[in-house]
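Right, one structure below, let's go through it.
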């Protein structure tokens, strides 16, 4: 049985192997993704983003556990160097995650988040496709929320959950203006801390002041204490409601097309680098790089030269 | 006088106009960068990165003010949605920045940090090139440090300064493993807070345990209270020492080539998207996107199809 067949039949080792393959990239990975792509499109893809220290991973683990209890299968992709899924988990999370990792209805994968820009985003999209093809009902993608990460996640997910914490001060206020644009759900985690009510009010005010598209969905602002699994049920309910909203409003097709366009762009960018690597001798590449470094040629002219050569 | 000439002669309005042009991209931007590229290579490019709330912008402002007092000119590029340079500054920073912005030896530019992945990184590289060509001695690039941002900055800068704060807990510890790989200088800011000594010790221990390349530079761990301009002199001295080290060890050429290769990759990726946009009718692109969204074609096959068509 080939890898694609094994993955489709629910073989976890095949899935793990396929994930490693797509993370590396290359022709085999492309062939695999090509043969599996028609089997994607079933999962509810949920992005979870927030600054370091907001408790993303704990919340993701609690959400996953809740969905498991309702019989749904859950795939988790952590694209975050600070994630306990990725490294050095704190004890509580480790226990939570061990419970998840012993469960055949859960699959956890952390992506190396250090590496070439774009490559990670492309690999994350591919990993989502594999988990989707493997039949997971819910796919949770955890990314650190600061700068590009959160824009990426919104472009990959159907539903984006943005996590804040109480009273994180001025910096957080600055973040929010941008975050409102991508949040489908806002969660104030660690809500047992002082200032939670104020943060909730603040977020609601910002939402009411912002000119969000009046397309029928106002991001709910929810509270949680993920370490004690408090507030998880409401978040799950809101995420499911958001999917219903997307489908009933016809916005789901739009999101799928945005996702497709985003993927196509990333893959075009990866593919051109792969083609250059395959067709341009290393020595020519290195010469060109040295010429840029010594200001003999500008990088735009160098790029044009490479592309013209490949297209000749 | 054309834009490039005006920029080279120190005209600030020309610089501002050129920065807007390269942020947008396109043939005019390419031509401008092409004509200015030979004038780059003089500046010391310094990346400053750290999680939201570590006081990056305040530190950047204090560093800039210090360099100004020693007669050096300073360009600042803020690639950070949470940066006070970008929006909503807190009062103290606003005053600091106003002092800088009234000074002809300082130029501050914030880049919109929301937008297509890769595009921002490419635009940041271009902005650095423009400030370099315009003759600024020091170019400070502030990015939010979490995930990709810091990898990017290390690929763009000669010297990378990573900022931590005391006792930021488990998450920070998790970050550090990755951060050590890119830090040329480590700064514990807000060092008047409890736990600063411990954080410094912790970072030094991590440095001694990590297998950093034994190429002669051990990242110093410094302390600062940026709001009171404490510790700034040592940071400036260490950054200058690092540049001396790069030059004397011969590693400077290597860094310049890494920078060149990074730029070339980003620009290749941008260029291929531009060429596709220019040569593929919008309706064909939209059809392809719709076919991906409905799983009729996988995005890898679609990308190959587009590239083959352009190369035919």
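Each reported figure results from applying straightforward, stated rules to the coordinates on display, with no laboratory input. None of these values were measured; they are calculated from a predicted model. Cβ: placed from backbone, ideal geometry, glycine included. Neighbour counts: every protein chain shown.
What's the average, rounded to a whole number, of partner chain beta-carbon atoms within 10 Å of each residue's beta-carbon in B:302-309?
That works out to 4 on average.
Would you calculate the separation in nanometres between label points at residue A:69 and residue A:28, each defined as 7 Å from the Cα along the Cα-to-beta-carbon direction?
4.2 nm
Evaluate E = 1/(1 + (r/R0)^6) for residue B:5 and residue B:103, where r is the Cβ-Cβ distance and R0 equals 25 Å; express this FRET efficiency to the nearest 0.05.
Calculated transfer efficiency: 0.55.
For A:267-280, what's the mean count of beta carbons from other chains sitting within 10 Å of each residue's beta carbon?
Mean shielding count: 5.
Going by how many other Cβ atoms sit within 10 Å of their own, how do B:160, B:271, B:227, A:58 line up, fewest first?
Ordered from fewest to most neighbouring Cβ atoms within 10 Å, B:160, B:271, B:227, A:58 come out as B:227, B:271, A:58, B:160.
As an exercise, use a Förster radius of 25 Å and the Cβ-Cβ distance of residue A:42 and residue A:230 to find the FRET efficiency, rounded to the nearest 0.05.
0.25
Sorted by packing (mean other beta-carbon atoms within 10 Å per residue), highest first, where do B:195-201, A:72-78 land?
Those peptides, ordered most packed to least, come out A:72-78, B:195-201.
How far is residue A:234 from itself in the other copies, in nm, if each label sits 7 Å out from Cα along the Cα-Cβ line, shortest first?
4.7
How much of the pair distance distribution for region A:265-311 lies past 17 Å, counting alpha-carbon pairs only, in percent?
For region A:265-311, the share of Cα pairs beyond 17 Å comes to 33 percent.
Starting from the 7 Å offset along Cα-to-Cβ, what nm value, one decimal, do you get for the label separation of residue A:283 and residue B:209?
Inter-label distance under the simple model: 4.6 nm.
Per residue of A:287-293, what is the mean number of Cβ atoms on other protein chains within 10 angstrom of that residue's Cβ?
6
What spacing in nm lies between the two simple spin-label points modelled at residue B:12 and residue A:193, each 7 Å away from Cα in the Cβ direction?
4.0 nm
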